[in-house]
Amino acid sequence: MGAGHTHRLYRHGHSPVHALPPHTKLAAAFLFVVVVVSTPRTAMWSFALYAVLLAHVTHLARVPATLLLGRLLIEVPFVAFAVLMPFVAEGERVQVLGLSLSVSGLWGAWNVLAKGTLGVAASVLLAATTELRALVLGLQRLKLPPVLVQIASFMIRYGEVITDEMRRMRIARASRGFEARGVRHWGVLAKSAGALFIRSYERGERVHLAMVSRGYSPAATRRGGAPGTMPVIDEVTASRAQWSYALALPCAALVICLLGWFL
């Protein structure tokens, strides 16, 4: 269901985590995030244990810690939002290093940082150990609505198409000595955006023809039935042992969550 190449988010490996079927990893990551979000923010020790669990999974997957930490930078905008919360939130205030901070804002900032970081880390590990094509097959195996699976599949295909066209156009501009330095270059960038749309549309048509030649049929959609799908070549299955191995993470997290609520 996908291209024959590997996405840059994926890190090739032969670890036990890589070997798990994609739908088991999808279910484990989703359940882990649900458990983390359900944990009371006052149980700060619980989030430390969640981090230990993810560190153990990172070790099993043989994913470098530097790679994981580098990709966590994607949450910087949320970190900036969390930092502002103690200053703008209302309610009881406390003095910290000479600054007047809201108590509810501090708890809110901690809640966003802790749960957001753990959720992003789980997503990064999932992407680093599972190919995008396998993720789409996993979504199919989990019986998600076909429309959502189709949207995800098209987003992967056409996202790469647009990215590739942008790269080609950037190289072409640079080879001609173009460098955007001010407002007077906006006209060139606007024309490039228009050309990008036309080229992406044309390449999108070729992608569609390639899909049709490989068995995709959108006729069902036109008849009002289920949307057309690509034939599944690789049947994704999982044994009980693989399910048990994958669900060990959310089950351990659930125990920690329950302790956080009742202790």
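Each reported figure results from applying straightforward, stated rules to the coordinates on display, with no laboratory input. Since this is a predicted model, take the numbers as computed values, not measurements. Cβ coordinates were reconstructed from backbone atoms using ideal geometry, including for glycine residues, and neighbour counts include every protein chain displayed.
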At R0 = 51 Å, how high is the FRET efficiency between VAL34 and ARG203 if r is their beta carbon distance? Nearest 0.05 is fine.
0.85
What aspartates and glutamates sit close enough to LYS191 to cross-link, taking a C-alpha to C-alpha distance under 15 Å and skipping anything fewer than 8 places away on the same chain?
GLU165, GLU179
At most 16 other Cβ atoms within 10 Å and a DSSP loop assignment: could you name the GluC sites (Glu not before Pro) in the range 77-154 that fit?
GLU90, GLU92
Sites PHE262 and ALA152 - FRET efficiency at Förster radius 45 Å, r taken between beta-carbons, to 0.05:
0.75
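Does the range 106-173 come out rounded, prolate or oblate by the C-alpha gyration tensor, with a ≥ b ≥ c the root eigenvalues, rounded set by a/c under 1.5 and, if not, prolate when a/b is larger than b/c and oblate if not?
Working: a/c = 2.53, a/b = 1.30, b/c = 1.94.
Because a/c hits 1.5 or more and a/b fails to exceed b/c, the range 106-173 counts as oblate.
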Mind checking which of LEU68, LEU99, LEU137 has the largest fluctuation in a GNM of the chain, springs on alpha carbons under 10 Å?
LEU99
(i) 7, 28, 30, 20, 12, 3, 0; (ii) 6, 21, 25, 23, 18, 6, 1; (iii) 8, 34, 38, 18, 2, with the label sought being that of the calculated P(r) over Cα pairs in 10 Å bins from 0, in percent
(ii)
Mind checking which lysines have their C-alpha under 22 Å from LYS25, skipping anything on the same chain fewer than 8 residues away?
LYS115, LYS143
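Semi-axes of the range 145-222's equivalent ellipsoid from the Cα gyration tensor, sqrt of 5 times each eigenvalue, largest first, rounded to whole Å?
On the way: eigenvalues 223, 31, 22 Å².
Equivalent-ellipsoid dimensions as semi-axes: 33, 12, 10 Å.
Fully extended, how many nm does the chain gain between ALA174 and VAL88 (0.36 nm per residue separation, minus their Cα-Cα distance)?
Working: separation 86, 0.36 × 86 = 30.96 nm, distance 4.48 nm.
Using 0.36 nm per residue and subtracting the Cα-Cα distance, I get 26.5 nm.
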Stretchable slack from ALA51 to MET166, in nm (0.36 nm times residue separation minus alpha-carbon distance)
37.6 nm
What is the helix-to-structure angle for 44-61, meaning the angle in degrees between its Cα long axis and the longest Cα principal axis of the chain, kept from 0 to 90 and rounded to the nearest 10?
40
Calculate one ³J(HN,Hα) per residue across the range 91-107 by plugging θ = phi - 60° into the Karplus curve 6.51 cos²θ - 1.76 cosθ + 1.60, and present them in order as whole Hz with x for glycine and proline.
x, 4, 10, 9, 8, 10, 6, x, 9, 8, 10, 7, 5, 5, x, 5, 5
With everything on Cα atoms, drop me the angle between helix 186-213 and the longest principal axis of the chain, reported from 0 to 90° to the nearest 10.
80
